[in-house]
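Chemist: Handing you this structure, nothing more for now.
Derivation of every value follows stated rules applied to the coordinates shown; laboratory data play no part. Small disclaimer: the values here were computed from a predicted structure and weren't measured. Reconstructed Cβ throughout: ideal geometry from the backbone, glycine too, with neighbour counts over all protein chains shown.
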Amino acid sequence: MSYKYISMPVHRLIEEFSSDVHKVFEYIDSIYDRIHRVESRVRAFITIVPKEQVYSYVENLIRRVRSTYPLPRLFGVIVGVKDNISTRGIRTTCGSRMLENYIPPYDATTIEKLRNVGMVIHGKTNMDEFAMGSTTETSAFYPTRNPWSLERVPGGSSGGSGAALAAGEASVALGSDTGGSIRNPAAYTMVYGLKPTYGLVSRYGLIAYASSMDQIGPMARNTLDLALTLTAISGHDPRDSTSLPMQPVDYVELLNELLHREPRLKIGILKELFEGSDDEVRKTVYSSVDNLCAYHECVEVSMPYTKEAVAAYYIIAMAEASSNLSRFDGVRYGLKVPVENRSWIDAYTEVRTRGFGYEVRKRIALGAYVLSMGYRDMYYIRALRFRRMLKENLNSIFSKVDVVVSPTMPIPPPKLGEFFEDPVKIYLADVSTVIANLVGYPAISIPAGFWNGLPAGLQIMSKSLSEPILLYLSAQLEERTKLRDLIAEV
Ligand code: GLN
């Protein structure tokens, strides 16, 4: 069995396949072989598509594209998809008992787009239930383990996607990010993850958590693959009312143009977010920032109210979740339970108690509370007001610097079970990431280095639609650190 394909970057895979399309089968074999060897320890997936099915999908694809040479841009590339993104004919559980047997009759727009460029879906990755969590431990099925250290979590909620990449079980992956769920696992599994500008990537077919912040985005083992995948999934979609009215953008082209021109930028180092981080994380991330400061101009910037951002985020996320999740009533959506001779309330209660896990039920209750009469002004409205202020604060920072940097996560990946002892600590660990979601700006997490064998990530955030700049800095840093295409031993 050849292992050359396991860590091969997407941009190299597509060269291989364009010289001989049939190499794609050898590639599929090696990915499935790898899954066979490591998945029982990592558990990155909730559903794995049987290999024969993937084979026949690709055979059909080859028949179809034969006549349209050249091959579609990402022909044959295997992508792991987070289990809250609807895939036609492939079970989509959202990490929940509520949707345990749900097989979507349609594809999300992002999935349609992936298929259009020739990508191949081989599995649905594990996640926290309804994307609520930072470790994959709220998954109704099992937690995923961090391939770099199996007794630790891979981060979350898109932890399955990060772990699948780090373990060599997929070449690229999709995650979703409402409050850090792409960047957190990217940092913890030593991969690259981008949360796009709100509205850049369609949410049609993404199972909603907090609609004003949810975004789908790419995760990859190097910057170029991130840019390729972002190009494939982004663009206007009339089926999503918050989709930005934009012409298609080729991020690979823009990235190459920037790398060629090498503009010098002004980088703001977010003081509070470095100060709030564990020593080892701070040191690791600082030294990766040093690489950037060797070329760009770095200044310290201050953003007070970081703790308040976490509070505002959780209030808004829970409020929106309580409304979004009301559709799971067992009639329109969700678990089916026997209803004969029972009151509506009885059946409904059973659906929601059996279907939802503890964390989800807790958030629905808290969300309903912050929206209830008498408390709405005190919590929800105040959080919205804070959100506006935060945006003004950030905009004034971005009038002085081009981007801001911070550790993606303030602590190293926790051991399994560790967070359950202290739920507030787990929420506070989202301090760097939730800011981008509250204001809708893009942010990227880039591998910064290992400390005692544990991964740490650097987050770069900037204004709306600055994805090319984020990719540019990521590529520059990658070139210096060589932290690319890494696969954990497992
Ligand atoms: N930790 C965040 C939460 O639990 C992550 C949410 C997300 O981005 N899906 O809400």
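Chemist: Mind checking the full-extension length gain between Ser287 and Asp33? Use 0.36 nm per residue of separation minus the Cα-Cα distance, one decimal, nm.
Modeler: Roughly 87.7 nm would be gained on extension.
Chemist: Oh, and also: Name the residue from Pro338, Val10, Thr144 whose Cα lies farthest towards the positive end of the charge dipole of the chain, charges +1 on Cβ of Lys and Arg and -1 on Cβ of Asp and Glu.
Modeler: Value: Pro338.
Chemist: Please compute the length gained on full extension between Val339 and Lys400, using 0.36 nm multiplied by the number of residues separating them and subtracting their Cα-Cα distance.
Modeler: That pair, Val339 and Lys400, stretches by 15.8 nm at full extension.
Chemist: Let me ask something else. What aspartates and glutamates could a cross-link reach from Lys4, if we take a straight Cα to Cα line under 18 Å and drop same-chain neighbours fewer than 8 places away?
Modeler: Within the straight-line cut-off, Lys4 pairs with Glu15, Glu16, Asp20, Glu26, Asp29, Asp33, Glu169, Asp225, Asp485, Glu489.
Chemist: Please give the Cα centre distance for region 349-412 versus region 69-92, rounded to the nearest Å.
Modeler: Region 349-412 and region 69-92 have Cα centres spaced 31 Å from each other.
Chemist: Here's another thing I want to ask about it. Would you work out the relative contact order for the chain, in percent, from Cα pairs under 8 angstrom that are 6 or more residues apart?
Modeler: 18
Chemist: Do the sum for the chain: with -39,500 (n - 2.57) for every DSSP H run of n ≥ 4, divided by all residues, what is the mean residue ellipticity at 222 nm, to the nearest 500 deg cm²/dmol?
Modeler: -12500 deg cm²/dmol, from helical runs alone.
Chemist: Give the order of Cys94, Cys293 when sorted by the count of other beta carbons within 10 angstrom, beginning with the fewest.
Modeler: Cys293, Cys94
Chemist: Continuing with this model, one more query. What are the residues whose amide H is under 5 Å from the amide H of Ile78, where those residues sit 5 or more places off or on another chain and H is modelled from the backbone?
Modeler: When sequence neighbours closer than 5 places are left aside, the close amide H contacts are Val120, Ser171.
Chemist: What do you get for trypsin sites (Lys or Arg not before Pro) in region 109-209 restricted to DSSP loop and a cutoff of at most 15 other Cβ within 10 Å of the site's Cβ?
Modeler: Of the trypsin sites (Lys or Arg not before Pro), not one in the loops of region 109-209 has a Cβ with at most 15 other Cβ atoms within 10 Å.
Chemist: Have a look at Val65, His122, Ile90 and report the one farthest towards the positive end of the charge dipole of region 54-152, computed about the Cα centre with Cβ charges (Lys/Arg +1, Asp/Glu -1).
Modeler: So the residue furthest toward the plus end is Val65.
Chemist: Can I ask one more? Are there cysteines in the chain with no second cysteine's Cβ under 4.7 Å away, and if so, which?
Modeler: Within the chain, the cysteines lacking a partner Cβ under 4.7 Å are Cys94.
Chemist: Would you mind working out the magnitude of the charge dipole of region 103-230 relative to its Cα centre, with +1 at each Lys and Arg C-beta and -1 at each Asp and Glu C-beta, to the nearest 20 Debye?
Modeler: 200
Chemist: How far apart, in nm, are two points set 7 Å out from the Cα along the Cα-to-Cβ line at Thr481 and at Tyr3?
Modeler: It is 2.4 nm.
Chemist: Expected output is a single nm value to one decimal: the length gained when fully extending between Tyr69 and Asp422, i.e. 0.36 nm times separation in residues minus the C-alpha distance. What is it?
Modeler: Using 0.36 nm per residue and subtracting the Cα-Cα distance, I get 121.5 nm.
Chemist: While we're here: Which of the peptides 325-335, 75-85, 246-256 is most tightly packed, and how do the rest follow, going by the mean number of other Cβ atoms within 10 Å of each residue?
Modeler: 75-85, 325-335, 246-256
Chemist: So what's the gap between the Cα centers of region 415-485 and region 101-142, to the nearest angstrom?
Modeler: Using only Cα atoms to place each centre, the spacing works out to 21 Å.
Chemist: Determine the dipole magnitude for region 389-476: charges of +1 sit on the beta-carbon of Lys and Arg, -1 on that of Asp and Glu, nothing else is charged, the reference point is the Cα centre, and the result goes in debye to the nearest 20.
Modeler: Once rounded to the nearest 20, the dipole reads 180 debye.
Chemist: If you don't mind, another one. Go through Lys113/Lys336; Lys307/Lys391; Lys283/Lys400; Lys266/Lys463 and tell me which ones have a Cα-Cα distance over 21 Å in this structure.
Modeler: Lys113/Lys336; Lys283/Lys400
Chemist: State, to one decimal in nm, how far the label point of Ser241 lies from the label point of Ser18, with both points 7 Å from Cα in the Cβ direction.
Modeler: 4.2
Chemist: Would you calculate the separation in nanometres between label points at Glu275 and Ser464, each defined as 7 Å from the Cα along the Cα-to-beta-carbon direction?
Modeler: 3.2
Chemist: Indicate, rounded to the nearest 5 percent, the antiparallel portion of the DSSP beta bridges found entirely in the chain.
Modeler: Roughly 65 percent of the beta bridges in the chain run antiparallel, per DSSP.
Chemist: So, one more: Based on other C-beta atoms within 10 Å, arrange Tyr441, Tyr142, Tyr188 from fewest to most.
Modeler: Arranged by neighbour count, lowest to highest, Tyr441, Tyr142, Tyr188 become Tyr142, Tyr441, Tyr188.
Chemist: Hey, what do the phi angles of region 459-467 turn into as Karplus ³J(HN,Hα) couplings, whole Hz, using 6.51/-1.76/1.60 and θ = phi - 60°, x for Gly and Pro?
Modeler: Karplus-based 3J(HN,Hα) across region 459-467 equals 9, 10, 10, 8, 5, 3, 6, 9, 3 Hz.
Chemist: Please state the charge dipole magnitude for the chain, taken about the Cα centre, from unit charges on C-beta atoms (+1 on K and R, -1 on D and E), reported in debye and rounded to the nearest 20.
Modeler: Here the size comes out at about 760 debye.
Chemist: By counting other Cβ atoms within 10 Å of each Cβ, how are Glu137, Glu16 ranked from fewest to most?
Modeler: Least crowded to most crowded, the residues run Glu16, Glu137.
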